[in-house]
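Engineer: Take a look at the following structure, please.
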Amino acid sequence: MKNFKDDFDFFKHSDNVYLDSAATSQKPHSVIEAQSDFYKIHCANIHRGLHTLSNKATQMYEDARTLCAEFINAESSRNIVFTKGVTEGINLLAHSLSGYETVIISSLEHHSNIVPWQLLSKNIKVIDVDKQLNINYDSYEKLLIENPNSLVSITHISNVFGNENNVKKLTSLAHKYGCLVHIDGAQAGAHIKIDVQELDVDFYTLSAHKIYAPTGVGLLYGKFELLEQMRPYQGGGAMIKDVSFKASTYLDPPLKFEAGTQNISGVIGWAEAIRYLNSLDFGEVIEHEEKIYSYSLESLKKLDDIVVYTDAKNLKSALSFNINNLHHEDIGTLLDKQGVSVRTGHHCALPAMKMLGLDGTIRVSFGIYNDEEDISRFIRALKKSIDILRRHK
């Protein structure tokens, strides 16, 4: 098995056990170099200039759009709108898509898939989950029957518990009742192969920084006929055909949604991250991550007083737990002092926490660079943390 840590500069400068990839992933050396090279060699603005540097930068930016389209098997690069991330992608969709006053979401959504709809006073309907924290399909279909022609907006993989939803089934049922479907893919892009055409989703959002790429970059995929119907999200340079003091006309998608100067270096870095992932055997990557997840879960369950919240079979990338009668933040602090980085708190999913009667959990989340030694160090540090807290209670 390849030692993926060798590809990441972070691990050449730190022996930290990094188990917080659901928040943001570390970046391969090649991604960092691609961004640096843009600023050192190719720095220019895009789409507006006629000079050589601008043409080169524009070509690199649009090549990245093509790579992103191929990465999720979009119909073409015209389906890809660059954003700052999933949060902006959902806000763009919420502001620009008209005719959908009811939004159907699940009980496990990130705040970024709740608050934008509330800001626009949308009618939010919430799907129940079962005891394993998976979608309750009876509850889902009942909501579809009661609210036809709505928008369904659901996470692909829970950022708290790691449940992977059956997006193809969710989408097929939604379309049966005339609903459009948006999928929040923030936690999916680095861990499963995404095929938007196979899934038949209408919209899909991704954040680059969770897929070994820079922060401040993401995408909104949309079926082109839907993007054509949507209003621009922002106005400014680079998105117009003509402007007068009476009215303006806009470029076709995706450019009509990309007003102003974009995060050019970030987009170029994302393209390099995709090239890096394309150089790997993705099946091997998935198998490696599944082994790490299983090893982590099995190791945790051997400890006394550990509480995990689902034994579902469809878990990936993120694992939440608590220790009876100990506070998650105390555990997180002691792990950090031992060089182990985990996430504690509500994970921007307060409704899910309240549903389970929790104020937070300890979450470990994985990247391709994690290995069994990382998990062994984490478990040793966790045992020590528990022992310290028990002795001082």
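Engineer: Taking Tyr140 as meeting all but one of (1) in contact with a strand residue (DSSP E or B) (Cβ under 8 Å, 6 or more places away or on another chain); (2) within 27 Å of Asp311 (Cα to Cα); (3) in a loop (DSSP other than H, G, I, E, B), write down the number of the exception.
Structural biologist: (3)
Engineer: Also, I was wondering about something else. When the residues of the range 357-370 are narrowed to those that are buried (at least 19 other Cβ atoms within 10 Å of the Cβ) and not small (Gly, Ala, Ser), which ends up nearest to the chain's Cα centre (by Cα)?
Structural biologist: So, considering only residues that are buried (at least 19 other Cβ atoms within 10 Å of the Cβ) and not small (Gly, Ala, Ser), the one nearest to the chain's Cα centre (by Cα) is Phe366.
Engineer: Next question, about the same structure. Which one is nearest to the chain's Cα centre (by Cα), of the residues in the range 37-74 that are assigned to a loop (DSSP other than H, G, I, E, B) and under 20 Å from Phe203 (Cα atoms)?
Structural biologist: For the range 37-74, the residue satisfying everything is Ile72.
Engineer: Within the range 146-155, identify whether any single residue is surrounded by fewer than 22 Cβ atoms within 10 Å (Cβ to Cβ), modelled with pLDDT of 95 or more and not in a loop (DSSP other than H, G, I, E, B), and answer yes or no.
Structural biologist: Within the range 146-155 (the criterion being surrounded by fewer than 22 Cβ atoms within 10 Å (Cβ to Cβ), modelled with pLDDT of 95 or more and not in a loop (DSSP other than H, G, I, E, B)), the answer is yes, since at least one residue qualifies.
Engineer: Check Gly235, Gly216 and return the single one that is closer than 23 Å to Ala186 by Cα and either of a type in the set (Gly, Ala, Ser) or within 23 Å of the chain's Cα centre (by Cα) (or both).
Structural biologist: The conditions single out Gly216.
Engineer: Yes or no: Leu92 touching a Cys at 6+ places or on another chain (Cβ under 7 Å) and modelled with pLDDT of 95 or more?
Structural biologist: no
Engineer: Still on this structure: Inside the range 57-82, can you point out the residues that are within 16 Å of Ile46 (Cβ to Cβ) and β-branched (Val, Ile, Thr)?
Structural biologist: Within the range 57-82, Thr58, Thr66, Ile80, Val81 meet the criteria.
Engineer: Scan the range 197-212 for residues that are in a helix (DSSP H, G or I) and either under 19 Å from Glu75 (Cβ atoms) or more than 13 Å from the chain's Cα centre (by Cα) (or both) and report the count.
Structural biologist: Counting residues in the range 197-212 that are in a helix (DSSP H, G or I) and either under 19 Å from Glu75 (Cβ atoms) or more than 13 Å from the chain's Cα centre (by Cα) (or both) gives 3.
Okay, residues lined up against (1) more than 25 Å from His346 (Cβ to Cβ); (2) surrounded by fewer than 15 Cβ atoms within 10 Å (Cβ to Cβ); (3) assigned by TED's automatic domain parsing to the domain that holds Gly162:
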position	(1), (2), (3)
Val285	yes, no, no
His288	yes, no, no
Tyr293	no, no, no
Ser296	no, no, no
Val307	no, yes, no
Thr310	no, no, no
Leu315	no, no, no
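Engineer: Further question: Give Ile379, Ile362, Ile368, Ile386 a once-over and let me know the one that is in the same structural domain as Ser320 (by TED's automatic domain parsing) and over 18 Å from Asp304 (Cα atoms).
Structural biologist: After applying the criteria, what remains is Ile368.
Engineer: Hey, another quick one. Considering only residues that are part of a helix (DSSP H, G or I) and touching a residue at least 24 places away in the same chain (Cβ under 8 Å), which ones fall in the range 320-352?
Structural biologist: His328, Glu329, Asp330, Ile331, Gly332, Leu334, Leu335, Leu350, Pro351, Ala352, listed by residue number.
Engineer: Against the condition assigned to a strand (DSSP E or B) and under 20 Å from Ile274 (Cβ atoms), how does Val103 come out, does it pass?
Structural biologist: For Val103, the condition - assigned to a strand (DSSP E or B) and under 20 Å from Ile274 (Cβ atoms) - is not met.
Engineer: State all residues of the range 277-319 that are modelled with pLDDT of 95 or more, of a type in the set (A, V, I, L, M, F, W, C) and assigned to a helix (DSSP H, G or I); if no residue qualifies, say none.
Structural biologist: Selection gives Leu277, Ile292, Leu297, Leu300.
Engineer: Identify, by number, the condition in (1) in a strand (DSSP E or B); (2) within 12 Å of the chain's Cα centre (by Cα); (3) among the aliphatic types (A, V, I, L, M) that Ile192 doesn't meet.
Structural biologist: In the conditions (1) in a strand (DSSP E or B); (2) within 12 Å of the chain's Cα centre (by Cα); (3) among the aliphatic types (A, V, I, L, M), Ile192 misses (1) alone.
Engineer: Taking the range 98-128, which residues are surrounded by fewer than 21 Cβ atoms within 10 Å (Cβ to Cβ), among the hydrophobic types (A, V, I, L, M, F, W, C) and closer than 21 Å to Leu173 by Cβ?
Structural biologist: Those that are surrounded by fewer than 21 Cβ atoms within 10 Å (Cβ to Cβ), among the hydrophobic types (A, V, I, L, M, F, W, C) and closer than 21 Å to Leu173 by Cβ: Ile124, Val126.
Engineer: Restricting attention to strands (runs of 3 or more DSSP E) lying wholly within the range 213-259, give those where 2 or more residues are surrounded by fewer than 20 Cβ atoms within 10 Å (Cβ to Cβ) and in contact (Cβ under 8 Å) with a residue 24 or more places away in the chain.
Structural biologist: none
Engineer: Another question, if that's okay. What number of residues within the range 44-63 are surrounded by 13 or more Cβ atoms within 10 Å (Cβ to Cβ) and touching a helix residue (DSSP H, G or I) at 6+ places or on another chain (Cβ under 8 Å)?
Structural biologist: Total meeting the criteria: 12.
Engineer: Just the residues that are crowded, with 22+ Cβ neighbours inside 10 Å and within 17 Å of the chain's Cα centre (by Cα), please, taken from the range 75-84.
Structural biologist: Ile80, Val81, Phe82, Thr83
Engineer: Turning to a different aspect of this structure: Scan the range 292-303 for residues that are touching a residue at least 24 places away in the same chain (Cβ under 8 Å) and not hydroxyl-bearing (Ser, Thr, Tyr) and jot them down.
Structural biologist: Passing the criteria: Ile292, Leu300, Leu303.
Engineer: What's the number of the only condition in (1) crowded, with 17+ Cβ neighbours inside 10 Å; (2) under 24 Å from Ser25 (Cβ atoms) that Ser385 fails to meet?
Structural biologist: (2)
The values are calculated or read from the model by the stated rules, or taken from the named source; none is laboratory data. Just so you know, these numbers come straight off a predicted model, no measurement behind them. Please note: Cβ atoms are built from the backbone with ideal geometry, for glycine as well, and neighbour counts cover all protein chains shown.
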